[in-house]
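The values are calculated or read from the model by the stated rules, or taken from the named source; none is laboratory data. The structure presented is a predicted model; accordingly, all values stated were derived computationally and were not measured. Reconstructed Cβ throughout: ideal geometry from the backbone, glycine too, with neighbour counts over all protein chains shown.
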Amino acid sequence: MKTKGLAAVRRRLRWRIVPRAALVAVLLVASAGVVWLSYTGIREREIARLQANADGRLRQLSQLLLAPAERYSYLPNLLANYRILNDALRAPHDAARVRAANAFLHQLNERTGTSLLYLLDLRGTTVAASNWDAADSLVGRNYAFRPYFTNALRDGAGRFFAMGVTSHKPGYYLSYLVKEGERTLGVAVVKIDLRLPDLGGSNGEMLVTDAAGVAFLSSRPDWNYRPIRPVTPAAAAQLRSTRQYEGVLKAPLASAAGRQLAAGAEIVRLRGGDGVASAWLLVRRRIADSEWNANLLMPMARVEDIARVGALTAAAGIALLLMLGVLLAQLRSRVRERKRSRRRLERAHRALGQQNEELRLLSEELRRKSITDSLTGMANRAFFLDSAAAMVGIAKRHGTPLALLLVDADHFKRINDEYGHPAGDAVLQLLASVLTAQTREGDVAARYGGEEFIVALPHTTAQAASELAERIRGRVAAQPAPPGMAGLRLSVSIGVAQYRPEEADIGETIRRADAALYAAKHAGRDCVRVDGGVAPGT
Ligand SMILES: Nc1nc2c(ncn2[C@@H]2O[C@H](COP(=O)(O)OP(=O)(O)OP(=O)(O)O)[C@@H](O)[C@H]2O)c(=O)[nH]1
């Protein structure tokens with residue numbers, strides 16, 4: 001018993017609980033996977049969208065940024081061929097010539113709208129400048145350390161972005177070698193103010209960085225002169241030697257390299273003023289013909305928010321699907337349970353129907369037995385009396401005749417004694433078959449008791465009944481001796497009576513039939529006697 005219970009629990013564990021737990025685990029893992037995939041997918045898509053958008057803005061920035069420099073690119077060449085300027089370079093100690101050159105540069109600077117125009121001799125010292133009369137005049141100052149000077153001497157021309165060592169204003173420097181025939185006189189320099197063009201759009205910060213990665217133009221003033229990442233030692237040395245950001249270079253925006261995404265895009269962590277680091281998407285684009293980069297930094301917080309909302313939507317969708325699944329499963333199991341119950345009910349119904357049928361047959365059998373004589377198979381006395389009572393009712397109501405035959409085997413005791421009780425039974429069965437054969441539908445023939453039979457004949461007069469009685473008597477008498485009873489001559493005596501309307505029930509009629517039977521016995525047996533009270537033929 002105990003082991004059976006344990007086995008059942010084990011089966012239940014194996015077939016119900018374990019697969020369900022595994023299914024739940026698989027669904028949970030799959031759901032988490034889908035949520036994670038939708039989160040990363042939306043994040044990647046949003047980054048790609050931002051990057052595409054940033055690319056357009058950076059292209060625009062790089063076109064607009066150098067436009068002023070391009071506009072003034074003719075100037076150094078022009079200056080290099082100006083006689084007044086050549087004269088000043090040739091004779092830097094001639095005050096009149098230098099004055100003329102200063103005045104010329106001043107006027108030209110005013111007219112062209114450049115920031116500064118100046119001439120450097122071969123040692124890099126300013127001979128004449130457009131701001132010669134200002135407090136921070138460049139005249140007399142040496143700029144041999146600036147790349148625009150060295151590059152012009154080496155290549156004939158130079159370009160350079162830097163903070164003004166004297167003015168402390170950022171600018172774009174264009175330089176050109178001044179020559180007279182084969183003789184080099186000096187270098188003409190144009191400084192142009194650079195400004196970050198307004199491109200509109202509020203998403204992100206624009207930065208222009210130089211070869212060392214230092215931002216020199218930024219949409220956020222506090223990010224100016226800060227490298228995005230720490231500069232390399234070589235770049236730092238270079239910056240020092242050219243005094244490019246003299247006194248203004250600040251700490252890097254990010255303390256480490258970012259996570260590279262696609263070409264020109266990475267995620268960097270910038271530490272804000274409050275010391276809290278946040279992720280930014282950095283998209284970079286090289287500005288044509290320069291070592292500069294145009295950069296766009298966009299906060300990742302919005303991207304993360306969008307991805308989170310997407311992932312939450314996916315999670316909600318999955319939760320809804322799972323709930324639907326659970327509901328459907330419950331519905332299915334309920335439908336299955338209902339079907340099972342219906343089948344059980346149908347089975348019970350069928351069994352009940354079968355039992356009912358058996359009971360019906362049994363009760364029919366009992367009823368049949370209760371009204372049948374077991375030896376002869378004829379109706380018994382009780383059934384006869386019931387039927388005869390009903391016949392009396394009809395005869396009374398309609399005034400129709402009703403006759404009775406009381407049939408008794410002659411010397412039956414002797415048959416029993418001579419041939420045995422079973423032989424007597426066989427004779428009784430023979431008599432029953434004769435009676436049944438001679439009566440018609442509507443008549444009731446029954447074993448009245450012992451060796452006595454009774455027949456009720458509705459719509460029949462005593463006269464007609466006596467004729468039937470005679471026929472029965474004759475048939476019995478004509479029966480050959482049953483097997484094993486050689487020499488036996490069977491006979492019956494019959495008393496006939498007709499019901500009288502004044503009689504309360506059939507009992508009276510039976511008594512009269514019995515009297516007629518007695519008369520028949522008395523007359524020598526094997527004959528028919530009609531109750532004297534009834535005239536033959538009525
Ligand atoms: N074998 C057999 N005998 C029965 C049955 N019922 C009654 N008897 C016998 O029938 C006999 C009737 O005998 P009696 O009443 O003396 O009548 P009888 O011998 O036929 O004489 P009469 O009627 O005067 O001709 C009795 O011996 C009963 O035992 C039965 O079912 N089977």
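Looking across His421, His411, one residue alone is exposed (fewer than 11 other Cβ atoms within 10 Å of the Cβ), within 11 Å of the ligand (Cβ to nearest atom) and of a type outside the set (Ser, Thr, Tyr). It is His421. Counting only strands (runs of 3 or more DSSP E) wholly contained in segment 68-166, the ones carrying 3 or more residues that are not small (Gly, Ala, Ser) occupy 116-121, 157-163.
Within the option set Val427, Val434, being away from the ligand (no atom under 16 Å from the Cβ) and out of contact with any Gly (no Cβ under 8 Å at 6 or more places or on another chain) holds for one residue only, Val434. Candidates are the residues of segment 354-384 that are of a type in the set (A, V, I, L, M, F, W, C) and more than 16 Å from the ligand (Cβ to nearest atom); the one that is surrounded by the most Cβ atoms within 10 Å (Cβ to Cβ) is Phe384. For segment 240-248, the criterion of being farther than 30 Å from Glu46 by Cα, modelled with pLDDT under 90, buried (at least 20 other Cβ atoms within 10 Å of the Cβ) and out of contact with any Pro (no Cβ under 6 Å at 6 or more places or on another chain) is met by at least one residue. Of everything in segment 434-453 that is surrounded by fewer than 19 Cβ atoms within 10 Å (Cβ to Cβ) and without any contact (Cβ under 8 Å) to a residue 40 or more places away in the chain, the residue that is nearest to Glu470 (Cα to Cα) is Gln438.
Taking the criterion of being over 26 Å from Pro68 (Cα atoms), surrounded by fewer than 16 Cβ atoms within 10 Å (Cβ to Cβ) and not small (Gly, Ala, Ser), the residues of segment 85-132 that qualify are His93, Asp94, Arg99, Leu122, Arg123. One residue alone among Gly399, Gly420 is assigned by TED's automatic domain parsing to the domain that holds Glu452, farther than 29 Å from Asp526 by Cβ and not basic (Lys, Arg), and that residue is Gly399. Quick one: is Ser387 outside the structural domain of Leu488 (by TED's automatic domain parsing) and either more than 16 Å from the ligand (Cβ to nearest atom) or of a type in the set (A, V, I, L, M) (or both)? Judged against the criteria, Ser387 is not a match.
Can you tell me how many residues within segment 447-464 are within 13 Å of Val407 (Cα to Cα) and either assigned to a loop (DSSP other than H, G, I, E, B) or more than 9 Å from the ligand (Cβ to nearest atom) (or both)? Spell out how you get there, then give the answer.
Step one: list which residues in segment 447-464 are within 13 Å of Val407 (Cα to Cα), which gives 447-456.
From what is left, the residues that are either assigned to a loop (DSSP other than H, G, I, E, B) or more than 9 Å from the ligand (Cβ to nearest atom) (or both) are 448, 450-451, 453-456.
Count: 7.
Against the conditions (1) touching a helix residue (DSSP H, G or I) at 6+ places or on another chain (Cβ under 7 Å); (2) exposed (fewer than 15 other Cβ atoms within 10 Å of the Cβ); (3) over 27 Å from Ala426 (Cβ atoms), Ala523 satisfies every one except (1).
If you go through segment 397-446 and pick out every residue that is assigned to a loop (DSSP other than H, G, I, E, B) and of a type in the set (S, T, N, Q), you end up with 2.
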